[in-house]
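Here is the structure we will look at, set down as structure tokens.
The values are calculated or read from the model by the stated rules, or taken from the named source; none is laboratory data. Predicted, not measured: the structure shown is a model, and the values here were computed from it. Cβ atoms come from the backbone with ideal geometry, glycine included; neighbour counts cover every protein chain shown.
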Amino acid sequence: MLDSSVAAETPEGILLELRPAGLSARFCAFFIDELIKWAITYAAAFVFGILASVLGGMGVAFWFIFVFVLNWFYPVAFELGRAGATPGKRAMGLKVVMDNGLPITPAASLTRNLLRVADFLPFLYASAAVSMLLRADAKRLGDIAAATLVVHQRRTAPKATLDMVVPLSPVRPLAPRDQSAVIALAARAPTLTIERLNELAALAAPIQGDESRPEADVTRRVLGVAQWLLGRRA
Amino acid sequence: MTPLHFEELYQAEWQELDAQVKLILAGRNDSHDRVPIQGERVAALYRRACEHFALARARSYPRYLLDRLEKLTSDAHQVIYQRREFGIHRIRQAVLYDFPRAVRAHAAYVWLSAALFFVPAVLVGWLVYKNPDLVLSVVDANTAAEFEEMYSDAADSIGSRRDVNSDWVMFGYYILNNVGVAFQCFAGGLVFGIGSIVFIVLNGVLGGAVAGYLTERGLGETFWSFVVTHAAFELTAIILAGAAGLRLGHALVAPGRNTRLQSLVNAARESIVIVYGLTVMLFIAAAIEGFWSSARWMPLTMKYTVAALCWIGVLAYLSLQGRRAR
């Protein structure tokens, strides 16, 4: 399958669809995070430089500990936060969740971020890149071991409005799949050019037995059927 | 039933659930002027929403409706099934039971890891002791000289480089360095265990070479009195990190009846507990190494007594703590 979507089943028996994020989106997120870490490091070097001149060795010690914590626990701290994502991931609309769609646990977050070292091998995150490209769910090694998934955050589809179209009852009963196809076309109509909309609507002409009518007429009638199927009545 | 009718009919319930979920997510901090959250109501609404979602999907309702219900149910799902793993109670539980038990559950890996460290260490140490020139095949001449200088009688604080002779600096440096080494030993396990083996053996060889070389040079007393106390925590922690890494590697190489993937996930979940513990051990080691081990004014008998107590304490903790039912 070309579609990369993972279904997580809940105890209530419904399937939640997770959309794993691929290499490019995650690389961008990673890059943003690295920039932020550099910025923090430079800012902190400034502060700790002043601190070291006052406190001496203690300031340097805090600096070392700070660098340690920043390097190893920057992602852990953010992933366990409410957003479930580092600033870079949030900027790219990504989020880290468990395989079953639940929020990430501290153990899993720690696992996936400590195993980053293995993902880095042999150089520049080559293992991570290969693993992400080979797997449909785009997991890096750390994700595999921690049973976590980096997913795109949900974006809701626009509601079909088109209130100006007059609802029109279909001349014959339509199968559920056909119904949803017609409604989906109506939902997309505002984003399409007139020509493309006419082309697509022509494919649906048989539902009204309209093959012989002019293009614009067919489109208006198909959208009318969509309105009727949604539940609007004249 | 048309989609619009469906939406109109159940809209109120969805909105109520959405509001409650938002409350639960947001209202954890401010306790005053908050509408009380009714758990039973949320659960009931959630189950209703799940039914609606399944129905809507089976009836091929329009995308926007499915998206809305999916977002609603998945948000509620996250709130209802989330696990809390924080808190004093959890930490106490981990210190008193989980960590030492996890170590004992991995006893075979711990022994193997210890052997991987000590066999090369003793072997190389003995060779270097017999023939000090061999140290140059492990470290370069500058490093050897640096080590010699660090433990020489002239240094006013043992074990630190000349230019950074503050206990605090070394404390910070040890944390940065040693915890990093330990994490690498663990993560190396993902390369079928090879990474862990390489890291542990390398550390063993390096430690053995330095120890043999310095002992041969007549700096043995300074060196051993320096390392022996914090080694109780540091060496043990590195060996435990190697053991956790070996567990990962073993899970990949010999998954048994599980799939390789499931085997790895199980291994990671069980061995990460060891990594929690050893991180804390390395912080303790860094504190001892920075402030206690380097103190030159301390009488040697005192140092060795404390060292013995540390070793006994660590080994007893790992082998005995939490054996009884909680």
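Listing for the model above:
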quantity	calculated
Lone unmet requirement of (1) surrounded by fewer than 20 Cβ atoms within 10 Å (Cβ to Cβ); (2) in contact with a helix residue (DSSP H, G or I) (Cβ under 6 Å, 6 or more places away or on another chain) for A:R172	(2)
Region B:86-106, subset exposed (fewer than 14 other Cβ atoms within 10 Å of the Cβ) and assigned to a loop (DSSP other than H, G, I, E, B), residue farthest from the other protein chains (Cβ to nearest Cβ)	B:G87
Looking only at region B:208-242, and only at residues there that are closer than 17 Å to B:I288 by Cβ, out of contact with any Lys or Arg (no Cβ under 8 Å at 6 or more places or on another chain) and small (G, A, S), the one that is modelled with the highest pLDDT	B:A237
Residues satisfying the stated conditions in region A:129-159, i.e. buried (at least 21 other Cβ atoms within 10 Å of the Cβ), among the hydrophobic types (A, V, I, L, M, F, W, C) and assigned to a loop (DSSP other than H, G, I, E, B)	A:A138, A:A147
One residue from B:L300, B:L282, B:L309 being in contact (Cβ under 8 Å) with a residue 40 or more places away in the chain, under 26 Å from B:N177 (Cα atoms) and in the same structural domain as B:L235 (by TED's automatic domain parsing)	B:L282
Pick from region B:42-63, criterion at the interface with chain A (Cβ under 7 Å from one of its Cβ atoms) and surrounded by fewer than 18 Cβ atoms within 10 Å (Cβ to Cβ), ranking: nearest to B:I24 (Cα to Cα)	B:R47
Close pairs (6 angstrom Cβ cut-off, 6 or more residues apart or separate chains): more than 7 Å from every other protein chain (Cβ to nearest Cβ) in region A:58-80, crowded, with 17+ Cβ neighbours inside 10 Å and among the hydroxyl-bearing types (S, T, Y) anywhere	A:P75/A:T86; A:V76/A:S109; A:F78/A:T86; A:E79/A:S109; A:L80/A:S109
Residue that is acidic (D, E) and either in contact (Cβ under 8 Å) with a residue 60 or more places away in the chain or within 7 Å of chain B (Cβ to nearest Cβ) (or both), where the choices are A:D99, A:D143	A:D99
Residue in region B:254-263 that is facing chain A (nearest Cβ under 10 Å) and crowded, with 17+ Cβ neighbours inside 10 Å present	no
Of all residues in region B:265-279 being without any contact (Cβ under 8 Å) to a residue 24 or more places away in the chain, within 9 Å of chain A (Cβ to nearest Cβ) and out of contact with any Lys or Arg (no Cβ under 8 Å at 6 or more places or on another chain), the one that is surrounded by the fewest Cβ atoms within 10 Å (Cβ to Cβ)	B:R269
Wholly within region B:163-234, helices (runs of 4 or more DSSP H) carrying at least 3 residues that are closer than 29 Å to B:P132 by Cβ and at the interface with chain A (Cβ under 10 Å from one of its Cβ atoms)	B:167-174
Failed item, numbered, when A:R188 is tested on (1) surrounded by fewer than 19 Cβ atoms within 10 Å (Cβ to Cβ); (2) part of a loop (DSSP other than H, G, I, E, B); (3) not β-branched (V, I, T)	(2)
Condition met for B:R101 (at pLDDT below 85 and charged (D, E, K, R))	no
Hits in region B:203-239 (condition: under 10 Å from B:V128 (Cβ atoms) and among the hydroxyl-bearing types (S, T, Y))	B:Y213, B:T215
Unmet criterion (only one of (1) touching a residue at least 12 places away in the same chain (Cβ under 8 Å); (2) within 12 Å of chain A (Cβ to nearest Cβ)) for B:G242	(2)
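Results for (1) out of contact with any Ser or Thr (no Cβ under 6 Å at 6 or more places or on another chain); (2) within 14 Å of another protein chain (Cβ to nearest Cβ), shown as yes or no for each residue.
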site: A:T10; (1), (2): yes, yes
site: A:L16; (1), (2): no, yes
site: A:R26; (1), (2): yes, no
site: A:I50; (1), (2): yes, no
site: A:S53; (1), (2): yes, yes
